[in-house]
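See below for the structure under consideration.
The values are calculated or read from the model by the stated rules, or taken from the named source; none is laboratory data. Here the structure is a predicted model, which means the values were calculated and not measured. Methodologically, a virtual Cβ is constructed for each residue, glycine included, from the backbone with ideal geometry; neighbour enumeration extends over all protein chains shown. Side chains are part of the model used for accessible areas, which takes the heavy atoms of the whole protein and leaves out ligands, DNA and RNA. Shrake-Rupley method; radii C 1.70, N 1.55, O 1.52, S 1.80 Å.
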Amino acid sequence: MLRIRNLDAGYGNLNVLRRVSIHVKPGEIVTIIGANGAGKTTLLKTITGLLKAQAGEVLFNGQDIGAMPTERIVSGGCSLVPEGRQVFPAMPVSENLLLGAYVQFKRGNKHEVERDLDRVYALFPVLKQREHQLAGTLSGGEQQMLAMGRALMARPKLIMLDEPSMGLAPLMVKEIFNIIVRLRAEGNTVLLVEQNARSALKIANRGYVLETGRIILEGEAEDLLANRDVQRAYLGRDAE
Amino acid sequence: MFFELFFQYLVAGLTYGTIYAIVGIGFNIIYNTTGIINFAQGEFVMLGGMTAVTLYGFLPLPLAVIGAVLITMVMGGLIEMVFIRWLVKPTVLRMIIITIGISILIREGALLVWGEGVRSLPYFTGNEISALSLGGVRLSPQVLWSIGVCMVIVLFLNLFFKHTMLGREMRACAANRDAAALCGIPTKNMITLSFVLSAGIGALAGCVVSPITYTQYSIGSGLAIKGFTVAILGGLGNSMAAVAAGFILGILESFSIWVLPTAYKDAISIAILLAMLFIRPSGLFGNKEAMRLKDF
């Protein structure tokens with residue numbers, strides 16, 4: 001579904017990603033774990049065209065999306081839930097969700113938007129309760145749900161999540177991860193970028209370890225969980 | 001006699017107030033979607049008035065006004081596409097300086113096309129000497145025209161931004177451009193649209209007030225300063241507040257003539273602008289809470 005080959009990216013003269021290659025198959029959760037500043041967000045920004053790649057290629061369903069503007073990538077079915085939620089704070093929850101449905105309106109699936117809205121409210125009942133509240137007044141966890149709901153309104157084929165657990169209470173983190181698992185059960189494909197490596201690897205099918213802009217390890221999620229280097233560096237467990 | 005004079009000044013203030021308000025609204029529309037202050041805003045008013053006068057040479061007045069508004073809208077869109085659209089991650093300062101350059105370009109272009117002459121459209125109803133008498137105050141019908149048009153514009157904009165999909169998309173683009181792009185919204189088109197919209201509004205204002213204030217190639221930059229003062233006074237981004245601020249500035253200026261030499265009239269707005277920027281940059285009606293949520 002998503003295939004990235006030898007991607008170089010960065011900001012101006014600053015090179016962040018070096019020859020990164022990953023792929024995501026339909027119906028799986030793939031996670032990219034790594035420390036602060038490893039280049040995780042840069043990678044997602046480059047995939048969605050918010051940042052232009054310096055070299056390498058990004059294929060989405062066989063199509064090269066490397067040079068496309070963000071809005072075309074999104075309407076092609078590749079959505080990002082950005083780091084820090086980025087909801088529209090001065091608009092109510094319902095309007096945030098309707099904006100997420102922009103590509104559905106453009107595709108002419110106007111009548112389906114109502115159904116999608118119900119679906120999102122079923123997935124996040126708290127959003128239904130807060131329907132008319134300004135998004136900026138929601139709690140961090142609720143904003144994360146809103147950002148996810150907004151991305152789902154576009155009916156993406158691939159949904160990418162950038163640090164959904166950041167700054168959330170442990171209980172809320174658990175809930176968010178449960179919802180990610182549920183998204184996969186409903187046939188979605190998820191690319192999950194996380195610092196919370198243990199929770200991410202527990203729900204993922206496969207994982208990549210990103211360190212200072214390079215993929216240093218990849219494999220099945222349980223193999224990574226059992227890997228001693230990963231344990232030492234990312235799971236906070238000292239090797240005896 | 002005192003009250004008659006008082007109301008006469010008040011009416012004059014309201015008339016100028018409407019045009020300041022409309023220029024201020026134009027600032028706000030572009031500011032809201034792009035975060036830039038378009039100093040060519042006053043030029044749209046001038047272009048609208050001048051084009052309408054030219055079109056009036058061979059078209060009936062209503063068609064001339066509509067034509068002038070449409071032509072100016074196209075100009076606004078073209079300006080955005082030629083000068084702004086292709087910039088890659090421009091800084092706000094760079095964009096503001098570009099708009100100042102655009103305003104000089106338009107002004108000099110207008111000088112070439114129309115010369116230095118002062119022109120004006122005929123009164124929409126009646127003529128220079130026809131007046132409605134309201135309790136001893138003589139009111140030109142054109143004053144009612146400009147106040148009415150200003151109200152219609154404000155009402156239309158409110159409906160547009162609050163209740164249409166397109167308006168909502170433009171607001172999303174204003175609040176967070178990356179997030180809007182991630183919703184699939186073509187943000188660059190929204191920016192073009194904001195230029196088209198504010199050009200159209202400016203042109204309409206230019207046509208309506210042209211019979212009273214006259215139009216010349218050079219009126220744009222003066223209006224831009226007044227409109228900017230109004231936008232700051234009301235609180236950047238808030239179109240309703242810009243209307244109130246426009247009236248306040250218009251009335252202040254008008255009454256200043258009563259006590260100060262006329263030459264000081266323009267100094268009033270500069271003084272207000274500086275005072276606001278120093279003391280209360282969020283504007284008279286700027287809501288601190290909303291400012292924080294809005295992030296501008």
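Listed values, structure above:
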item	result
Per-region count, segment A:133-172, residues open to solvent by 50 Å² or more (accessible area, probe 1.4 Å) and either among the charged types (D, E, K, R) or under 28 Å from A:Gly62 (Cα atoms) (or both)	2
Lone qualifier among B:Phe83, B:Phe27, B:Phe39 - being open to solvent by less than 30 Å² (accessible area, probe 1.4 Å), in contact with a helix residue (DSSP H, G or I) (Cβ under 7 Å, 6 or more places away or on another chain) and not basic (Lys, Arg)	B:Phe27
Options B:Ser130, B:Ser194: the member that is among the small types (Gly, Ala, Ser), more than 14 Å from chain A (Cβ to nearest Cβ) and buried (at least 18 other Cβ atoms within 10 Å of the Cβ)	B:Ser194
Search result, residues across segment A:39-71 that are aliphatic (A, V, I, L, M), out of contact with any Cys (no Cβ under 9 Å at 6 or more places or on another chain) and within 14 Å of chain B (Cβ to nearest Cβ)	A:Leu44, A:Leu50, A:Leu51, A:Ala67, A:Met68
Selected residue (criterion: surrounded by the fewest Cβ atoms within 10 Å (Cβ to Cβ)) from residues of segment A:72-94 that are more than 8 Å from every other protein chain (Cβ to nearest Cβ) and small (Gly, Ala, Ser)	A:Gly84
Lone unmet requirement of (1) surrounded by 15 or more Cβ atoms within 10 Å (Cβ to Cβ); (2) away from chain B (no Cβ under 14 Å) for A:Gly187	(1)
Meets criteria (open to solvent by 20 Å² or more (accessible area, probe 1.4 Å) and under 15 Å from B:Ser146 (Cα atoms)) for B:Tyr56	no
Residue identified as more than 28 Å from A:Met1 (Cβ to Cβ) and open to solvent by 10 Å² or more (accessible area, probe 1.4 Å) among A:Arg130, A:Arg107, A:Arg119, A:Arg115	A:Arg130
Segment B:140-186, residues that are buried (at least 18 other Cβ atoms within 10 Å of the Cβ), within 11 Å of chain A (Cβ to nearest Cβ) and small (Gly, Ala, Ser)	B:Ala172, B:Ala174, B:Ala175, B:Ala179, B:Ala180, B:Ala181, B:Gly184
Selection count where residues are of a type in the set (Ser, Thr, Tyr) and either open to solvent by 80 Å² or more (accessible area, probe 1.4 Å) or free of Cβ contacts under 8 Å to residues at least 60 places away in the same chain (or both), scope segment B:236-268	3
B:Val45 being out of contact with any Ser or Thr (no Cβ under 9 Å at 6 or more places or on another chain) and of a type in the set (A, V, I, L, M, F, W, C)	no
Checklist (1) more than 16 Å from A:Phe124 (Cα to Cα); (2) among the β-branched types (Val, Ile, Thr); (3) open to solvent by less than 20 Å² (accessible area, probe 1.4 Å) applied to A:Ile203, failing item	(3)
Counted residues, segment A:6-48 - those being part of a strand (DSSP E or B), under 19 Å from A:Thr189 (Cα atoms) and without any contact (Cβ under 8 Å) to a residue 60 or more places away in the chain	1
Matching residues, segment A:126-159, being within 18 Å of A:Arg72 (Cβ to Cβ) and more than 12 Å from every other protein chain (Cβ to nearest Cβ)	A:Lys157, A:Leu158
Residue match in segment B:200-211 (condition: surrounded by fewer than 24 Cβ atoms within 10 Å (Cβ to Cβ), at negative phi and of a type in the set (A, V, I, L, M, F, W, C))	no
Subset tally (residues that are of a type in the set (S, T, N, Q) and closer than 23 Å to A:Ala147 by Cβ) for segment B:156-199	2
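Residue by residue, here is whether (1) of a type in the set (A, V, I, L, M, F, W, C); (2) crowded, with 20+ Cβ neighbours inside 10 Å; (3) touching a Leu at 6+ places or on another chain (Cβ under 6 Å) holds:
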position: A:Arg3; (1), (2), (3): no, no, yes
position: A:Gly12; (1), (2), (3): no, no, no
position: A:Leu17; (1), (2), (3): yes, yes, yes
position: A:Val20; (1), (2), (3): yes, yes, yes
position: A:His23; (1), (2), (3): no, no, no
position: A:Gly27; (1), (2), (3): no, no, no
position: A:Gly34; (1), (2), (3): no, yes, yes
position: A:Thr46; (1), (2), (3): no, yes, no
